[in-house]
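Read through the structure below, which is laid out as structure tokens, and then see the notes.
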2 protein chains.
Amino acid sequence: MFKALSNKTRLNILQWLKEPEKHFPKQGAHLPKEVSYKGGVCVGDIQEKAEASQSTVSHYLNMMQKAGLLESVRYGQWTYYRRNEEAIHQFTEFLKTEI
Amino acid sequence: MFKALSNKTRLNILQWLKEPEKHFPKQGAHLPKEVSYKGGVCVGDIQEKAEASQSTVSHYLNMMQKAGLLESVRYGQWTYYRRNEEAIHQFTEFLKTEI
DNA sequence: ATTATATATCGGCTTTATTCGATATGTCAA
DNA sequence: TTGACATATCGAATAAAGCCGATATATAAT
């Protein structure tokens, strides 16, 4: 997780996903709001905001998921990424006591 | 700080320095106990525990200091490194609210 | 002064991360 | 079933991190 967070873009993504409505206002074109915000934000929207190439962002999201920071759901042709709050909480708990 | 912590050895060092008496029991040969533990642990002792070369450990300690995790004091020919508790606390506070 | 010890810095090699464009895969719509 | 779109994966080039031995510097002891 430290490795995953030791990159500005990836840290930004994690923070953006804390408030998806705020940082991805035009999100939700493909799906009803309730569903899409709950399910996370799709790769394309994150890519646009991150201003990196599609492959880079896809790679980042994948590694953040492997690190446990994110989880993903697929709705049709879109993959929605959202925070893995439980794992993040465990991480911050670890930090509180062990760091 | 994420970068500095995204390495097992450096994370270990930070944790060891939380309880120097426990992890560096034979430390304090050169100086009275009160002084040396307060002042931190010398590079040689950290190096021995970390099982990396002298230059690597010196480099690690220097980068951890630059990141704000550690601070150092020089007593004669020894450099003592200890945790920068204030900066670490600020960091964990940031994590609590922003991550 | 010379020598020994502790730490820092330098140079260089190896490994890993970053990042992209191109291509593959998977899904939807016509 | 073909074409369009979203995402994932591949391959490769460049940058950064990891790491060490050798050397420099600073201090202490003789």
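The values are calculated or read from the model by the stated rules, or taken from the named source; none is laboratory data. Predicted, not measured: the structure shown is a model, and the values here were computed from it. Because the Cβ atoms are built from the backbone with ideal geometry, glycine has one as well, and the counts that use them run over all protein chains shown. Accessible surface areas use protein heavy atoms only, side chains included; no ligands, DNA or RNA. Shrake-Rupley method; radii C 1.70, N 1.55, O 1.52, S 1.80 Å.
Just a few scattered comments:
- Of the listed requirements (1) within 12 Å of DNA strand D (Cβ to nearest atom); (2) at pLDDT below 95; (3) surrounded by 17 or more Cβ atoms within 10 Å (Cβ to Cβ); (4) of a type outside the set (Lys, Arg), A:His30 misses just one: (3).
- Within the range A:33-46, the set of residues being at pLDDT below 75, under 14 Å from the mean Cα position of the chain (by Cα) and open to solvent by 40 Å² or more (accessible area, probe 1.4 Å) is empty.
- Residue in the range B:15-25 that is at pLDDT 95 or above and closer than 30 Å to A:Thr9 by Cβ present: yes
- Single residue of the range A:47-99 satisfying the filter (closer than 14 Å to A:Trp16 by Cα, more than 16 Å from DNA strand C (Cβ to nearest atom) and within 14 Å of chain B (Cβ to nearest Cβ)) that is least open to solvent (accessible area, probe 1.4 Å): A:Arg83
- Qualifying positions in the range B:42-64 - more than 10 Å from DNA strand D (Cβ to nearest atom), in a helix (DSSP H, G or I) and free of Cβ contacts under 8 Å to residues at least 60 places away in the same chain: B:Val43, B:Gly44, B:Asp45, B:Ile46, B:Glu48, B:Lys49, B:Leu61, B:Asn62
- Taken over the range A:1-13, residues that are within 11 Å of chain B (Cβ to nearest Cβ) and buried (at least 18 other Cβ atoms within 10 Å of the Cβ) amount to 5.
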